[in-house]
Amino acid sequence: AVLGQGRITQIGRPDDIYDRPATTFVAQLVGTPRINLVDASREDGTLVVDDSPIRLPVPKGDGLPAKFTLGVRPEHVQPQSEGEFSGEVILLEPLGVETILHIKSGKKTLLSTMAGAVPYGIGDQMRFDIVRGYLHYFDVDGKRIEV
């Protein structure tokens, strides 16, 4: 169970809580580094990450409001030489077994993880993809939206 402000926020197996957090509070509580939470909107069948060039297709069964919070775990922001998106490396956190990259795309910064040492330096431009099947959607009150 996950407690928030003295109340049970979510009950489930650890992997269920990680993969399907009920709220933004739970999403931020589990996982290291923390989940990326960004303001987003829905425009003409496209998900738009506010203040960023990142655009994604609206998921099937779209039940998204016009404005919402998009959650992306760092392991689902994947550096790829032919990636769909681009950004600038603004910080590296080498931790031995993995490195945390801080990638600025537009005015938004996303965290990404890579195994071991990375071939990037601060200030480098890089390309990355976002794994669509693991996106999380939350309403303005921080509650999970099922799509």
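The values are calculated or read from the model by the stated rules, or taken from the named source; none is laboratory data. What you see is a predicted model; the values in this text were computed from it and never measured. All Cβ positions, glycine included, derive from the backbone under ideal geometry; neighbour counts span all protein chains shown. Heavy atoms of the whole protein, side chains included, go into the accessibility calculation; ligands, DNA and RNA do not. Shrake-Rupley method; radii C 1.70, N 1.55, O 1.52, S 1.80 Å.
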Cβ pairs under 9 Å, 6+ apart, first in segment 108-127 and farther than 24 Å from residue 55 by Cβ and open to solvent by 90 Å² or more (accessible area, probe 1.4 Å), second among the polar types (S, T, N, Q) and at pLDDT 95 or above: 117/99
Residue that is modelled with the lowest pLDDT, among those in segment 51-66 that are closer than 20 Å to residue 105 by Cβ and open to solvent by less than 60 Å² (accessible area, probe 1.4 Å): 58
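Kindly indicate the residue of segment 39-50 that is among the acidic types (Asp, Glu) and surrounded by 14 or more Cβ atoms within 10 Å (Cβ to Cβ) and also nearest to the chain's Cα centre (by Cα) among those meeting that condition. Don't jump to the end; show me each part of the working.
Applying the first criterion (among the acidic types (Asp, Glu)) to segment 39-50 yields 39, 43-44, 50.
Those still in the list that are surrounded by 14 or more Cβ atoms within 10 Å (Cβ to Cβ) too: 39, 50.
On the way: 39: 11, 50: 13 Å.
If we take residues in segment 39-50 being among the acidic types (Asp, Glu) and surrounded by 14 or more Cβ atoms within 10 Å (Cβ to Cβ), then 39 is nearest to the chain's Cα centre (by Cα).
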Per-region count, segment 67-89, residues part of a loop (DSSP other than H, G, I, E, B) and either open to solvent by 20 Å² or more (accessible area, probe 1.4 Å) or at positive phi (or both): 4
Considering residues of segment 90-107 that are open to solvent by 70 Å² or more (accessible area, probe 1.4 Å) and in a loop (DSSP other than H, G, I, E, B) only, the residue nearest to residue 62 (Cα to Cα): 107
Cross-chain or 6+ apart pairs with Cβ under 7 Å, segment 75-90 first and closer than 17 Å to residue 52 by Cα and aromatic (Phe, Trp, Tyr), then open to solvent by 70 Å² or more (accessible area, probe 1.4 Å) and not in a strand (DSSP E or B): none
